[in-house]
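Participant: I have a structure I would like to understand better, so I am pasting it below and will then ask my questions one at a time.
The values are calculated or read from the model by the stated rules, or taken from the named source; none is laboratory data. This structure is a prediction, so every number in the text was calculated from the model and none was measured. Every residue, glycine among them, receives a Cβ derived from its backbone with ideal geometry; neighbour counts consider all protein chains shown.
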Amino acid sequence: MLIGTMNHPDQDVLEEIEWIAAMGLEFVDLTLEPPAAAIWKINTEDVRQAIEEANLRVVGHTAFYLPICSPFESIRRAAVEELKLCIEAFAQIGAPWMNIHPAGYAPMHSREFVIESNLKSLRELLQSARDNGIGLMIENTPENFNSVSQLGELLDPLPDLGLHLDIGHCNLRVPVNTTGELLRAYGSRLKHVHLHDNKGGTADLHLALGAGNIDLLHYLKLLRASGYDDTITLEVFTPDKHYLAYSRDVLRRLWDEAAPASRETEPMLRGSLI
């Protein structure tokens, strides 16, 4: 398992890469969005070189607010074209996967319209991704795409689309955290994970690990049981990086605790509980 974090899009990308490496993290969840990290403000070769020199890996992240289901066709196409530019940039930087947030805002339009518009955009983007040699994954979002039935409307018709699981989002606007059901249905398509804490309800707080009410050990056990052992982004949004460093250490400890018991040690562990 590799632990990383996201650059702040209001800060210089190269400086962000520098402190992420200095913190002992293993990859950058690189978001390309304004104001400071927009595609038109960075040099992809410089970014690639900085990541390589820092001995980091990279995952591609895009702005959550691009309206790929807009009822205005010209706006939908513009959002798709912007994401195609991101695909090209991430291919140049060396990211194997790029995430996309499904869009749900289309006032006075049906769910069917929203799904068909998302699918239309995603099909166009998947072709661009194939042309550039990278993969696309879709992130679960709290309001409209946070359950198997909701995400399945996009994942089932598009078998080449990967899953980007945000465990914090799974805890929002739902009666029960949806991490388990998403892993059972689509764990084989899981490509990347976001982890942060919150207190349920509607507020996406992005707290340090342990500051909310998510049973982190339980969901890490489910993650490990699914066979996942790759990148986990700590989406801990705070100006004080001590909370991010603390969350890094918590995640490493809990990941070890979540390891399945081996056949050799399982009987001893059971015996110790008697």
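Participant: What are the pairs, 6+ residues apart or on separate chains, where a residue within the range 248-259 that is within 10 Å of Leu209 (Cβ to Cβ) has its Cβ under 6 Å from a residue that is surrounded by 18 or more Cβ atoms within 10 Å (Cβ to Cβ) and at pLDDT 95 or above?
Facilitator: Arg248/Ile3; Val250/Leu209; Leu251/Ile3; Leu254/Leu216; Leu254/Leu220
Participant: Quick one: in the range 108-117, of everything that is assigned to a helix (DSSP H, G or I) and out of contact with any helix residue (DSSP H, G or I) (no Cβ under 6 Å at 6 or more places or on another chain), which residue is surrounded by the most Cβ atoms within 10 Å (Cβ to Cβ)? Reasoning before the result, please.
Facilitator: Step one: of the range 108-117, the residues assigned to a helix (DSSP H, G or I) are 111-117.
Among the residues that remain, those that are also out of contact with any helix residue (DSSP H, G or I) (no Cβ under 6 Å at 6 or more places or on another chain) are: 111-114, 116-117.
Values: Arg111: 12, Glu112: 9, Phe113: 13, Val114: 20, Glu116: 14, Ser117: 22.
Filtering first and then ranking leaves Ser117.
Participant: Would you call Tyr105 surrounded by fewer than 21 Cβ atoms within 10 Å (Cβ to Cβ), more than 16 Å from the chain's Cα centre (by Cα), without any contact (Cβ under 8 Å) to a residue 60 or more places away in the chain and within 21 Å of Leu136 (Cβ to Cβ)? Talk me through it step by step, then tell me what you get.
Facilitator: On the way: surrounded by fewer than 21 Cβ atoms within 10 Å (Cβ to Cβ): yes; more than 16 Å from the chain's Cα centre (by Cα): yes; without any contact (Cβ under 8 Å) to a residue 60 or more places away in the chain: yes; within 21 Å of Leu136 (Cβ to Cβ): yes.
Yes.
Participant: Any idea which of Asp256, Asp229, Asp215 is at pLDDT 95 or above and over 30 Å from Phe64 (Cβ atoms)? Talk me through it step by step, then tell me what you get.
Facilitator: Details: Asp229 fails: over 30 Å from Phe64 (Cβ atoms); Asp215 fails: over 30 Å from Phe64 (Cβ atoms).
Within the list Asp256, Asp229, Asp215, the selection yields Asp256.
Participant: Okay, next question. Quick test for you: out of Ile3, Ile20, Ile51, pick the one residue that is under 24 Å from Arg248 (Cα atoms), among the hydrophobic types (A, V, I, L, M, F, W, C) and part of a strand (DSSP E or B). Don't jump to the end; show me each part of the working.
Facilitator: Details: Ile20 fails: part of a strand (DSSP E or B); Ile51 fails: part of a strand (DSSP E or B).
Answer to the check: Ile3.
Participant: Within the range 229-247, which residues are touching a residue at least 60 places away in the same chain (Cβ under 8 Å) and part of a loop (DSSP other than H, G, I, E, B)? Outline the logic, then answer.
Facilitator: Filtering the range 229-247 for residues touching a residue at least 60 places away in the same chain (Cβ under 8 Å) gives 229-236, 241, 244-245.
Matches in the range 229-247: Asp229, Asp230, Glu235, Val236, Lys241.
Participant: Related question: For the list (1) outside any loop (DSSP other than H, G, I, E, B); (2) of a type outside the set (S, T, N, Q); (3) more than 23 Å from Ile3 (Cα to Cα), I need the number of the one condition that Cys170 fails.
Facilitator: For Cys170, the failing item is (3).
Participant: Could I ask something else about it? Can you tell which of Gly152, Gly135 is out of contact with any His (no Cβ under 7 Å at 6 or more places or on another chain), surrounded by fewer than 22 Cβ atoms within 10 Å (Cβ to Cβ) and in contact (Cβ under 8 Å) with a residue 40 or more places away in the chain? Outline the logic, then answer.
Facilitator: Numbers: Gly152 fails: in contact (Cβ under 8 Å) with a residue 40 or more places away in the chain.
Just one listed residue meets the conditions, Gly135.
Participant: Return yes when Leu25 is in contact with a helix residue (DSSP H, G or I) (Cβ under 8 Å, 6 or more places away or on another chain), closer than 22 Å to Tyr246 by Cα and either charged (D, E, K, R) or part of a loop (DSSP other than H, G, I, E, B) (or both) and no when it is not.
Facilitator: On the way: in contact with a helix residue (DSSP H, G or I) (Cβ under 8 Å, 6 or more places away or on another chain): yes; closer than 22 Å to Tyr246 by Cα: yes; either charged (D, E, K, R) or part of a loop (DSSP other than H, G, I, E, B) (or both): yes.
Judged against the criteria, Leu25 is a match.
Participant: Also: Given Ser147, Ser74, which one is more than 24 Å from Thr202 (Cβ to Cβ), without any contact (Cβ under 8 Å) to a residue 40 or more places away in the chain, among the small types (Gly, Ala, Ser) and out of contact with any Pro (no Cβ under 8 Å at 6 or more places or on another chain)? Can you show your working first?
Facilitator: Working: Ser147 fails: more than 24 Å from Thr202 (Cβ to Cβ).
Selected residue: Ser74, the only one of Ser147, Ser74 that is more than 24 Å from Thr202 (Cβ to Cβ), without any contact (Cβ under 8 Å) to a residue 40 or more places away in the chain, among the small types (Gly, Ala, Ser) and out of contact with any Pro (no Cβ under 8 Å at 6 or more places or on another chain).
Participant: Also, I was wondering about something else. What's the number of the only condition in (1) among the polar types (S, T, N, Q); (2) touching a Leu at 6+ places or on another chain (Cβ under 7 Å); (3) closer than 24 Å to Leu155 by Cβ that Thr202 fails to meet?
Facilitator: For Thr202, the failing item is (3).
Participant: Can you find even one residue in the range 168-175 that is surrounded by fewer than 22 Cβ atoms within 10 Å (Cβ to Cβ), modelled with pLDDT of 95 or more and small (Gly, Ala, Ser)?
Facilitator: Looking through the range 168-175, none of the residues is surrounded by fewer than 22 Cβ atoms within 10 Å (Cβ to Cβ), modelled with pLDDT of 95 or more and small (Gly, Ala, Ser).
A quick yes/no check of all residues on (1) modelled with pLDDT of 95 or more; (2) among the β-branched types (Val, Ile, Thr); (3) part of a loop (DSSP other than H, G, I, E, B):
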| position | (1), (2), (3) |
| --- | --- |
| Ile87 | yes, yes, no |
| Ala91 | yes, no, no |
| Pro102 | yes, no, yes |
| Ala106 | yes, no, yes |
| Lys120 | yes, no, no |
| Ser128 | yes, no, no |
| Met137 | yes, no, no |
| Leu151 | yes, no, no |
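Participant: Can you find, within the range 41-71, the residue that is surrounded by the most Cβ atoms within 10 Å (Cβ to Cβ) among those that are of a type in the set (Lys, Arg) and touching a residue at least 12 places away in the same chain (Cβ under 8 Å)?
Facilitator: Here is the first cut: in the range 41-71, the residues of a type in the set (Lys, Arg) are 41, 48, 57.
Retained after the next criterion (residues that are touching a residue at least 12 places away in the same chain (Cβ under 8 Å)): 48, 57.
On the way: Arg48: 16, Arg57: 19.
Per the stated criteria, the residue is Arg57.
Participant: Another question about this same structure. So, in the range 207-242, exactly how many residues are crowded, with 18+ Cβ neighbours inside 10 Å and either among the charged types (D, E, K, R) or under 23 Å from Trp19 (Cα atoms) (or both)?
Facilitator: Result for the range 207-242: 9.
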